[in-house]
Amino acid sequence: MSEGKVTFTRSGPVGAIVFDNQRALNALSFSMWRQLGDICRKIATDDTLRVVTLRGAGGQAFLAGTEIDGFLDFTSGRDGVDYEREMDGYVGLVETLPMTVIAIVEGWAVGGGLALAFAADLRIATPKARFGSPLGRSIGNCLSARGYARLVGHLGVAQAKRILLLGEMIGAQTLLELGLVHSVVEPEALEAAAAALCQRAAQNAPLTTRASKEAIRRLLYANLPDIDDLIEAVYGSDDFKRGVRDFLAKKDRTWTGT
């Protein structure tokens with residue numbers, strides 16, 4: 001498993017969370033997810049922060065999911081249920097931050113990276129940014145109820161199925177046309193464009209921002225069904241166990257449906 005870290009810095013009312021695991025396209029280890037959670041808990045009560053950005057280090061990837069090595073320790077479907085619940089907690093801490101959260105996306109936003117990009121309130125991306133969650137073409141796992149709700153809430157049913165059933169990666173320009181990315185800018189203009197977006201967001205009344213974010217979050221996740229049985233079946237399957245091993249060995253995946 002690669003070493004990596006999640007850091008937080010600030011400049012006035014704007015904070016920056018950076019995912020740094022460049023050898024693995026900024027994929028988060030379980031330790032890095034916990035670092036992210038710790039940061040969010042600390043800054044959630046800081047009334048002087050107006051905006052927080054999320055960004056991957058190095059300019060090649062926003063965040064390419066969770067490091068796969070950790071799944072080798074799973075022994076049953078309940079491990080998958082517990083894992084998805086833990087991930088929901090970390091992504092939820094980003095979603096419930098009271099200030100505006102802006103994802104600055106360069107390169108790949110995959111799996112957990114897509115979840116965090118959509119957990120942000122706004123997204124700005126470079127033309128080469130790619131968004132997706134090819135679970136069925138990588139290790140054969142699934143999402144939680146919140147994960148599915150987040151994906152459908154942002155993309156709609158048709159585009160969510162395009163991502164999940166075909167494993168397609170969707171480009172930044174397409175998401176711009178769908179209204180899911182605020183702007184697409186060339187890499188050399190990214191810093192200025194992100195700074196301008198942060199400045200505008202920082203000028204919003206903080207109580208309006210807080211109430212609007214929380215109201216929308218409650219609407220999105222109201223009355224979610226219990227799908228633990230589906231999660232347990234997928235993570236407990238032979239396909240998942242073999243999918244993890246084959247992915248790490250860089251072998252083609254063969255699915256049996258068992």
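The values are calculated or read from the model by the stated rules, or taken from the named source; none is laboratory data. Owing to the predicted nature of the structure, the values given are computational and were not obtained by experimental measurement. Please note: Cβ atoms are built from the backbone with ideal geometry, for glycine as well, and neighbour counts cover all protein chains shown.
Some points to look at:
Results for (1) of a type outside the set (Val, Ile, Thr); (2) within 22 Å of ARG55 (Cβ to Cβ); (3) surrounded by fewer than 24 Cβ atoms within 10 Å (Cβ to Cβ); (4) in contact with a helix residue (DSSP H, G or I) (Cβ under 8 Å, 6 or more places away or on another chain), shown as yes or no for each residue.
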{"position": "GLU67", "(1), (2), (3), (4)": "yes, yes, yes, yes"}
{"position": "PHE74", "(1), (2), (3), (4)": "yes, no, yes, yes"}
{"position": "ASP82", "(1), (2), (3), (4)": "yes, no, yes, no"}
{"position": "ARG85", "(1), (2), (3), (4)": "yes, no, yes, no"}
{"position": "VAL91", "(1), (2), (3), (4)": "no, yes, yes, yes"}
{"position": "GLY107", "(1), (2), (3), (4)": "yes, yes, yes, no"}
{"position": "LEU114", "(1), (2), (3), (4)": "yes, yes, no, yes"}
{"position": "ASP121", "(1), (2), (3), (4)": "yes, yes, yes, yes"}
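- Check on LEU248, over 18 Å from PHE118 (Cβ atoms) and touching a Gly at 6+ places or on another chain (Cβ under 9 Å): no
- Among residues of the range 225-250, those that are assigned to a loop (DSSP other than H, G, I, E, B) and at pLDDT 95 or above, counted: 5
- Subset of the range 221-245 [surrounded by fewer than 17 Cβ atoms within 10 Å (Cβ to Cβ) and within 15 Å of ASP69 (Cβ to Cβ)]: ARG245
- Flag set for ALA193, criterion: touching a residue at least 12 places away in the same chain (Cβ under 8 Å), in contact with a strand residue (DSSP E or B) (Cβ under 7 Å, 6 or more places away or on another chain) and part of a helix (DSSP H, G or I).
- For the range 176-188, a residue qualifies if it is assigned to a loop (DSSP other than H, G, I, E, B), more than 16 Å from the chain's Cα centre (by Cα) and in contact (Cβ under 8 Å) with a residue 40 or more places away in the chain, and the qualifying residues are HIS182, VAL185, GLU186.
- Of all residues in the range 1-33, those satisfying the criterion of being part of a strand (DSSP E or B) and of a type outside the set (A, V, I, L, M) are LYS5, THR7, PHE8, THR9, ARG10, SER11, GLY15, PHE19, ASP20.
- Subset of the range 159-175 that is hydrophobic (A, V, I, L, M, F, W, C), surrounded by fewer than 19 Cβ atoms within 10 Å (Cβ to Cβ) and touching a residue at least 24 places away in the same chain (Cβ under 8 Å) - its residue that is farthest from LEU63 (Cα to Cα): LEU165
- Residue match in the range 142-158 (condition: among the small types (Gly, Ala, Ser), buried (at least 17 other Cβ atoms within 10 Å of the Cβ) and within 28 Å of ASP252 (Cβ to Cβ)): yes
- Conditions (1) loosely packed, with under 15 Cβ neighbours inside 10 Å; (2) in a helix (DSSP H, G or I); number of the one not met by LYS213: (1)
- Unique residue being among the hydrophobic types (A, V, I, L, M, F, W, C) and in a loop (DSSP other than H, G, I, E, B) when the list is LEU63, LEU72, LEU49, LEU36: LEU49
- Of the residues examined, ALA109 is not one that is among the hydrophobic types (A, V, I, L, M, F, W, C), within 12 Å of the chain's Cα centre (by Cα), modelled with pLDDT of 95 or more and assigned to a helix (DSSP H, G or I).
- In the range 66-86, the residues that are closer than 20 Å to ALA109 by Cβ reach residues that are outside any helix (DSSP H, G or I) with C-beta atoms within less than 6 angstrom, at least six apart or across chains, in these pairs: THR66/LEU28; GLU67/MET1; GLU67/ALA27; GLU67/SER29; GLU84/SER144.
- Qualifying residue in the range 119-140 (condition: more than 19 Å from ALA27 (Cα to Cα), within 14 Å of the chain's Cα centre (by Cα) and outside any strand (DSSP E or B)): yes
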